Amino acid sequence: MKPRVKYEEKYASFRHINCYKNEIEFFGYQFDRLLQYIDFNKLQLSTCLDIGCGFGLKTYYLTNKFRKVVGADFVENIIRVNELLNDCKDLKFITYDFYSTVQFIEKFDCVTAFGFSILNVKDQSEYINKVEKLLANTNEKGMLIIWSFSDFSGNEPTGWYNHTKDEINQLISKLDSKYSQVRIFYPYNKVVCKSIFTTLGLKNFLRFFQSKKYYFLIINK
């Protein structure tokens, strides 16, 4: 095989990027635990909009879970790169600014916001308004899945605001009064001892003791 052909094939899919395996090992473990928690197979969710998709690694992973996936981000150059790496016919990427007045014509079964910096706010009313805008892109029985993290300090030393446990509980209570169901899930809330003898299992074991906790917020209309 000629070198040019070899490298064109190598960089024609997200799967061939060096960081893809590590990213999916890290995030995929958490998401798979979430799907068990919400009993995903019974929900019949087939379409997903991933807002703030960035470089699309997690978005590409979602194609294993949903029949159709759309990744959206406001940075046009990122979307161009994602399109070059996309080898999945059931996935597309579009340029979309969350703050614009443009509305999606299609409504989705599920909207995801993974590490979405726009939700990185202390003001709870502002947070809830943004959640409402995200959910506006779902159908009547739609679901919003937010993935985030916090050390519960109430500080933002790196520009990312770390909600305290009380603030998170207050948010859940306020959201629960507006929507049919609101849940929070910590994927590292249990240590699976039998898996710590693998490299991935050991990493997950150590994350259980980290001060920074990853969590999913699941909101049903």
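For this structure, a couple of remarks:
- Among the residues of the range 84-118, those that are in contact (Cβ under 8 Å) with a residue 24 or more places away in the chain, out of contact with any Ser or Thr (no Cβ under 9 Å at 6 or more places or on another chain) and of a type in the set (A, V, I, L, M, F, W, C) comprise L84, I94, F98, F104, I118.
- Tally, over the range 93-122, of residues that are under 16 Å from the mean Cα position of the chain (by Cα), open to solvent by 20 Å² or more (accessible area, probe 1.4 Å) and either charged (D, E, K, R) or more than 19 Å from L62 (Cα to Cα) (or both): 4
- For the range 47-66, the candidate set comprises residues that are more than 26 Å from S100 (Cα to Cα) and hydroxyl-bearing (S, T, Y); within that set, the residue that is least open to solvent (accessible area, probe 1.4 Å) is Y61.
- Checking E167 against (1) over 24 Å from K58 (Cα atoms); (2) open to solvent by 40 Å² or more (accessible area, probe 1.4 Å); (3) charged (D, E, K, R), the condition it does not meet: (2)
- Here is the figure for the range 135-161: residues that are in a loop (DSSP other than H, G, I, E, B), out of contact with any Phe, Trp or Tyr (no Cβ under 6 Å at 6 or more places or on another chain) and modelled with pLDDT of 95 or more total 1.
The values are calculated or read from the model by the stated rules, or taken from the named source; none is laboratory data. These numbers were taken from a predicted model, which means no experiment stands behind them. Neighbour counts run over all protein chains shown; Cβ positions are idealised from the backbone, glycine included. These area figures cover heavy atoms from the full protein model, side chains too; ligands, DNA and RNA do not enter into them. Shrake-Rupley method; radii C 1.70, N 1.55, O 1.52, S 1.80 Å.
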